[in-house]
Amino acid sequence: MAVNGDAPLLGLGTLDRVPAASRPLVRPGDVGAGIVHLGLGAFHRAHQAVYTEQAIARAGGDWGIIGVAPRSLDVVRRLADQDGLFSVTTLSAAGAQAQVVGAFAGVRHAASDPAAIVALLADPAIRVVTLTVTEKAYQLDPVTGRLRPDDDVTADLSTDRAPVTVPGLLLRGLLARAAADAGPLALVSCDNLPSNGRRLHGLVSEALAYAKVPDEAADWVHANVTFPATMVDRIVPAATAQTLATARQVLGVTDLAAIAGEPYSQWVIEDDFPGGRPAWDRAGAVLTDDAGPWERLKLRGLNGVHSAIAYLGALAGRETIAEALRIPGLADVLRRIVAEDVATSFAPPAGVSVVDYGESVLERFANPAIRHRTIQVAMDGSQKLPQRVLHTMADRRAAGQPPYWSALVVAAWMRFVQGRADDGAELPLDDPLAGPIRAALAGSAGTPASVVDALLGLTEVFPPELAADPVVRESIVGWLTALHKHGAVDALAKAAP
Ligand code: CS2
């Protein structure tokens, strides 16, 4: 099929047009499926899919991935039209390099065919399920705290009462697997949450309890399913028209599922896979028995700093993270956040310097080829702030220390959710708690102190000890006052050490 002029669509039939160095290491169809992945966003494709393809190429094994999009039909169609193939372009000052990835053994759309996903989860060939479903998916309905009514596990699958949430889908799949006694399984969260394995285990346990499943089935799940934690890292912004144009230029074919990311990539995985796993270690992943210190390092030292740049940058009208990082004084303030608050808040992995890690992170964020939008990183702040910033603050307070610099990130978020940049431009509030946040703001008097008090009252976001701590409150009020009075650019210039 010719799309976009004379560049045909990427697919098994057009691979011979792709430069040899960019062709996949594995051809879809040659390798059986062993993994189901939930969440077909850019991050999975540029991260776990790449590691898995390399692991298969180097060490073999039927570890092809069946990629499942919970909601987006668009990505499923694009990948299906390309025989599951897509490219990852690595962007750096040195230029663009594209690699077609052949790790997908199939793609499915959960919302329109949940029964197929449930059947896959009960298939003995599938021994690993990975997830990139974002922070907000790790809960039952955020408003009611329950599975959504249409997730009723007793509903007949042939009706349209199909599972629509991640917990609903997992619950049904695990029950089917237990009934079929289809062998042990590892459920692997690849989302940016602390103790993400434990979190996923908790979610599955809650769903089992909520649905009142028979003891026998629940016991099977507890005995046969593991939840290894992981730390995942690679900057992969949402694809744009530019991403597709670059891929076309490098590959000579049109790739409508192209994505682009930075050269850096890291994956630390707890090695607890009762049904086996790909040789991810042969692809550069680190297998460990405790990912905790790595998770804290990354969430606090990278994601927390990312959020700081996103909120301050958005307030200052900067479109991308790299542009925002050039605001005078910002990099120095971020260094203070890392050195004074983050580095003193937890014990890093052996041999790792948090300050050096912070420097490497700033270099990565400065990559001008990665046009990561501040607004994209700013979204879902209520779900991100706790593990990225508030845990640092709480650990500082527990040690009797002030969390002065990290309070700036909270203040920037508080100003961001009020919906206006410093030049008056509207800022989107894309957040599952947008309703409660707006209600809290509407109940405040609008002064910095009253806004801080109103938002600190959101118990879903701020733990009560932190919200009630006068040292914490005072720092946030101080920063928010400065942001209101001077705007982000001047507040940073004044604050910079
Ligand atoms: C970012 C992350 O969007 C965000 O909130 O902080 O997606 C970040 O790019 C990745 O975690 C990097 O590994």
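The values are calculated or read from the model by the stated rules, or taken from the named source; none is laboratory data. Keep in mind the model is a prediction, meaning the values are calculated, not measured. So basically every Cβ, Gly included, is an ideal-geometry build from the backbone, and we count neighbours across all protein chains shown. All accessible areas refer to the heavy atoms of the entire protein, side chains included, with ligands and DNA or RNA removed. Shrake-Rupley method; radii C 1.70, N 1.55, O 1.52, S 1.80 Å.
Here are a few things to note about the model shown:
- Cα gyration tensor shape for the stretch 292-495, rounded if a/c is under 1.5, else prolate or oblate: oblate
- Packing here is the average count of other Cβ atoms within 10 Å per residue, and on that basis the peptides 402-411, 221-230, 353-362, highest first, run 402-411, 221-230, 353-362.
- In terms of its C-alpha gyration tensor, the stretch 172-321 has a prolate overall shape, because the principal axis ratio a/c (a ≥ b ≥ c, square roots of the eigenvalues) is not below 1.5 and a/b outweighs b/c.
- For LEU441, the shell of other residues with beta-carbons less than 12 Å away shows a net charge of +2, using +1 for Lys and Arg and -1 for Asp and Glu.
- Ranked by the mean number of other Cβ atoms within 10 Å of their residues, highest first, the peptides 60-66, 455-461, 254-260 fall in the order 254-260, 60-66, 455-461.
- Taking the DSSP beta bridges with both ends in the stretch 2-288, the antiparallel portion is around 30 percent.
- Most to least accessible of LYS136, LYS384, LYS485 (protein chains only, probe 1.4 Å): LYS485, LYS136, LYS384
- Neighbour net charge for GLU319 - beta-carbon separation under 11 angstrom, K R +1, D E -1: +2
- Accessible area per residue for the stretch 292-495 is 38 Å², calculated with a 1.4 Å probe on protein heavy atoms, without ligands, DNA or RNA.
- Calculated accessible area for the stretch 2-288 comes out at 39 Å² per residue, all protein chains present (probe 1.4 Å; ligands, DNA, RNA ignored).
- Shape category assigned to the stretch 321-420 from the gyration tensor of Cα positions, a/c cut at 1.5: oblate
- To put it simply, the accessible area of the chain at a 1.4 Å probe is 51 percent carbon and sulfur.
- Highest mean first, the peptides 117-124, 82-89, 183-190 sorted by other C-beta atoms within 10 Å per residue fall in the order 82-89, 183-190, 117-124.
- Neighbourhood net charge (12 Å Cβ-Cβ; Lys/Arg +1, Asp/Glu -1) for SER360: -3
- Taking the DSSP beta bridges with both ends in the chain, the antiparallel portion is around 35 percent.
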